[in-house]
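What follows is a set of notes on a single structure, which appears directly below.
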Amino acid sequence: MKFGKERLAVYLLWPFLLGALFVVVSVAAFFVSRQAGTMLFLTTAIYYAAAIFLFLHHKSNLLRDYTDFALDYYKVQHKLLEELETPYAILNSEGSVIWSNDRFYEISHRHRGYSLRELMPDVKAFSLPKQTGDDRSYRTVIGDRSYLVRMKMMDSQNLREDLESKKIMNPEGTKVDSMIAVFLFDETEIRLLKQENYDNRLICGLLYIDNYDEVLEAVDEVKRSLLTALVDQKINKYMTGIKALIKKIEKDKYFFVFQNRYLPEMTEKKFSILEEVRSVNLGTAESMITVSIGLGVNAPTYAAGYENARAAIDLALGRGGDQAVIKDGDSITYYGGKSESVEKSTRVKARVKAHALRELMETRDVIFIMGHTNIDVDSFGSAIGVYRIAKHLGKKAHIVINEVGSAVRPMISQFFNNSDYEDDMFISNLKALEIARQEDLLVIVDVNRPIITECPELVDQMNDIIVLDHHRLTTDSIEKAQLSYIEPYASSACELVAEILQYIGDGLKIKPLEAEAMYAGIMIDTNNFLTKTGVRTFEAAAFLRRNGADITRIRKAFRTDMNEYLEKAKAIAGTEIFLDSFALAICEAQEVESPTVLGAQVANDLMEIKGISASFVFTPYKEKIYVSARSVDEVNVQVIMEKLGGGGHMTVAGAQFTDTTPEEAVRAVKAVLQSMKRGGEL
């Protein structure tokens with residue numbers, strides 16, 4: 001505005017500035033001719049007199065017109081702001097409204113004198129601009145409308161002049177030194193359209209019946225059609241409830257699509273179809289059917305959504321079935337998984353995997369075999385079984401083991417200084433990394449997560465990998481395996497390897513010492529054949545017995561010494577019963593060579609107590625807290641441990657805590673149990 005006043009002054013005074021030129025010309029004319037100079041001087045005097053007369057005569061009119069224009073300008077400007085369709089307000093530096101237009105008043109119902117925070121209390125991280133040009137944005141809901149709030153600090157010098165001319169004051173009556181402009185942009189329609197678009201997205205899903213063939217074989221022929229009809233009815237009724245389009249692609253497989261708007265309801269009810277189908281039976285345990293569901297959500301294309309659904313259903317089946325898995329990009333969510341994995345009566349899959357394993361081994365010269373860190377008897381026994389296959393095929397084989405704990409020492413010590421076995425049968429991870437080549441083969445047993453293998457770097461280094469495991473798949477499982485045989489129904493990795501040994505062919509024979517190592521793995525993982533045992537478990541044990549496994553020697557090798565027995569008794573004596581059915585105990589066992597093994601034994605012993613649904617034993621070892629979780633059939637401890645970053649089986653699971661104390665780990669498990677109990681997951 002100041003710049004405009006200066007230009008007006010120059011415009012009004014230009015005749016006087018031009019007259020100065022005439023004066024200079026008149027003086028110059030005197031040097032040429034006195035008469036000409038006199039005439040020019042008189043002419044200049046008359047010009048000045050006329051200019052002064054006209055300036056003084058019209059000055060009052062010009063000022064009056066200029067003032068009227070300015071007033072009209074401010075009135076128009078004020079009118080435009082008042083009637084602006086966008087809600088607009090002015091705040092002082094404290095965030096109080098000092099002026100607002102009509103649209104802003106319709107929202108706030110107040111003109112001035114209130115804090116903007118009163119209008120938008122839901123904006124938690126509310127803060128005002130601090131410097132000129134500072135621009136900040138927030139989103140809020142006022143009434144039933146959604147708004148984008150834009151705030152900008154205005155120039156204080158121009159502000160002072162404008163506000164003084166408008167005589168706008170802040171609520172306290174003092175002049176305003178700074179101003180914040182606030183705009184509200186109504187995004188209600190846009191957000192509704194976005195939500196509508198999101199809700200209308202189609203989700204691809206796959207539904208598989210886990211044990212279709214096994215159940216039909218177990219029921220009478222006259223009841224088979226009834227059973228399949230009941231299952232189809234449950235599935236179709238559920239799909240009708242979410243307005244899904246469903247198509248049976250095989251006798252036990254369905255493909256379906258539905259709108260994204262129904263997904264929150266499905267997850268809130270924990271995919272009730274799992275329980276509904278499980279409730280369909282014809283009065284016998286053999287007729288209980290379970291289903292698995294895989295969903296691919298938020299995919300950029302339908303093809304990508306279908307691939308995500310395929311990956312999700314594979315993960316659900318790999319974890320034992322009877323659950324729903326949602327794959328959203330790299331994020332994976334699990335629901336269900338409460339029932340025990342159903343044992344497959346057929347060995348066709350074991351035979352196919354055995355042949356594939358042999359073909360891969362025959363094309364390699366050197367084979368590395370590796371289990372999980374803190375190797376246990378099952379991991380060791382299954383590694384020995386794979387070692388025997390490699391030697392039977394005439395291949396060089398190494399078992400990667402770093403530390404030998406008391407759990408496996410009774411078994412592994414029998415292989416040292418044994419003329420039947422090579423000196424480099426067992427090597428460390430450093431040695432394995434040194435001699436391993438990319439064209440060699442790596443066989444991983446009793447684990448499917450690379451991070452907890454004996455040597456994770458070896459997994460990254462090798463191109464060809466085979467995984468043999470009985471634990472449920474997790475989100476961070478090994479993805480680049482050439483062959484993966486993961487069966488959660490199996491009692492142990494030794495059981496899987498024992499079945500594979502029977503189909504390798506060429507008269508493969510295992511030695512009694514190897515049979516004992518594998519038999520011990522099955523025995524330890526099943527708690528002396530009390531948990532997770534099926535028909536195939538005893539068949540595998542019978543195969544090992546026929547090959548010379550001596551149960552008496554195994555029992556002697558795994559007897560407990562007095563110190564371990566006392567530590568176990570101390571841990572059991574300090575057990576806390578939580579929520580009336582969960583046993584929680586801390587097993588210090590600092591003087592014991594293998595505290596984690598002892599902790600697992602304590603967890604097993606606690607399950608012998610009447611009324612205990614699940615046991616959780618916390619064992620401090622090497623700056624970590626190891627949790628051993630056990631149950632019989634009432635609680636799925638694997639789901640509980642997964643919420644804490646662990647995993648396992650329905651009745652046998654575990655987890656690890658770092659940078660914490662046993663007491664804090666106990667509180668973490670209690671919090672998960674309480675949360676799951678409130679959510680109806682227990």
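Some points to look at:
- Filtering segment 510-544 to residues that are without any contact (Cβ under 8 Å) to a residue 60 or more places away in the chain and either closer than 23 Å to LYS353 by Cα or of a type in the set (Asp, Glu) (or both) leaves ALA515, THR533, THR537, PHE538, GLU539, ALA540, ALA541, ALA542, PHE543, LEU544.
- Checking SER628 against (1) free of Cβ contacts under 8 Å to residues at least 40 places away in the same chain; (2) surrounded by fewer than 19 Cβ atoms within 10 Å (Cβ to Cβ), the condition it does not meet: (2)
- Looking across segment 417-436, the residues that are part of a helix (DSSP H, G or I) and either farther than 19 Å from LEU360 by Cβ or of a type in the set (Lys, Arg) (or both) come down to ASN429, LEU430, LYS431, LEU433, GLU434, ILE435.
- Looking only at residues in segment 460-473 that are in contact with a strand residue (DSSP E or B) (Cβ under 6 Å, 6 or more places away or on another chain) and over 23 Å from THR533 (Cα atoms), the one that is surrounded by the fewest Cβ atoms within 10 Å (Cβ to Cβ) is ASP464.
- Those helices (runs of 4 or more DSSP H) of segment 437-549 in which at least 3 residues are under 19 Å from PHE426 (Cα atoms) and of a type in the set (A, V, I, L, M), considering only elements entirely within it, cover 512-525.
- From the options ILE427, ILE384, residue that is closer than 21 Å to ASP460 by Cβ and either at pLDDT 95 or above or under 39 Å from the mean Cα position of the chain (by Cα) (or both): ILE427
- A single entry from GLN656, GLN674 fulfils the requirement of being in a strand (DSSP E or B) and surrounded by fewer than 24 Cβ atoms within 10 Å (Cβ to Cβ): GLN656.
- Cβ-Cβ distances below 7 Å connect the following pairs, each with a first residue in segment 445-468 that is under 20 Å from ALA354 (Cα atoms), a second residue that is of a type in the set (Gly, Ala, Ser) and modelled with pLDDT under 90, and a separation of six or more residues or different chains: ASN448/SER477; ILE465/ALA481; ILE466/ALA481; VAL467/ALA481; VAL467/SER484.
- Counting residues in segment 232-254 that are at pLDDT 90 or above, outside any helix (DSSP H, G or I), surrounded by 16 or more Cβ atoms within 10 Å (Cβ to Cβ) and aromatic (Phe, Trp, Tyr) gives one or more.
- Some residue of segment 327-344 being modelled with pLDDT of 85 or more and closer than 21 Å to VAL467 by Cβ: yes
- Residue in segment 57-66 that is modelled with pLDDT under 75 and aromatic (Phe, Trp, Tyr) present: yes
- Qualifying positions in segment 569-593 - surrounded by fewer than 20 Cβ atoms within 10 Å (Cβ to Cβ) and either in contact with a Gly (Cβ under 9 Å, 6 or more places away or on another chain) or more than 22 Å from VAL632 (Cα to Cα) (or both): LYS570, ILE577, ASP580, SER581, GLU588, GLN590, GLU591, GLU593
- Looking across segment 631-648, the residues that are of a type outside the set (A, V, I, L, M) and either in a strand (DSSP E or B) or in contact (Cβ under 8 Å) with a residue 12 or more places away in the chain (or both) come down to SER631, ASP633, GLU634, ASN636, GLN638, GLU642, LYS643, GLY646, GLY647, GLY648.
- Residues that are within 24 Å of GLU196 (Cβ to Cβ), in a helix (DSSP H, G or I) and basic (Lys, Arg) within segment 255-283 comprise just one, ARG261.
- Test set (1) at positive phi; (2) part of a helix (DSSP H, G or I) - GLY611 fails condition number: (2)
- Checking each residue in segment 602-617 for being buried (at least 24 other Cβ atoms within 10 Å of the Cβ) and either in contact (Cβ under 8 Å) with a residue 60 or more places away in the chain or not small (Gly, Ala, Ser) (or both) picks out VAL602, PHE616, VAL617.
- Candidate set: segment 407-417, residues that are free of Cβ contacts under 8 Å to residues at least 60 places away in the same chain and surrounded by 12 or more Cβ atoms within 10 Å (Cβ to Cβ); chosen: the one nearest to the chain's Cα centre (by Cα): VAL408
- Test result for GLU403, surrounded by fewer than 22 Cβ atoms within 10 Å (Cβ to Cβ), among the acidic types (Asp, Glu), within 16 Å of PHE426 (Cβ to Cβ) and in the same structural domain as ASP423 (by TED's automatic domain parsing): yes
The values are calculated or read from the model by the stated rules, or taken from the named source; none is laboratory data. This structure is a prediction, so every number in the text was calculated from the model and none was measured. A quick note on method: Cβ atoms are made from the backbone with ideal geometry, for glycine too, and the neighbour counts reach across all protein chains shown.
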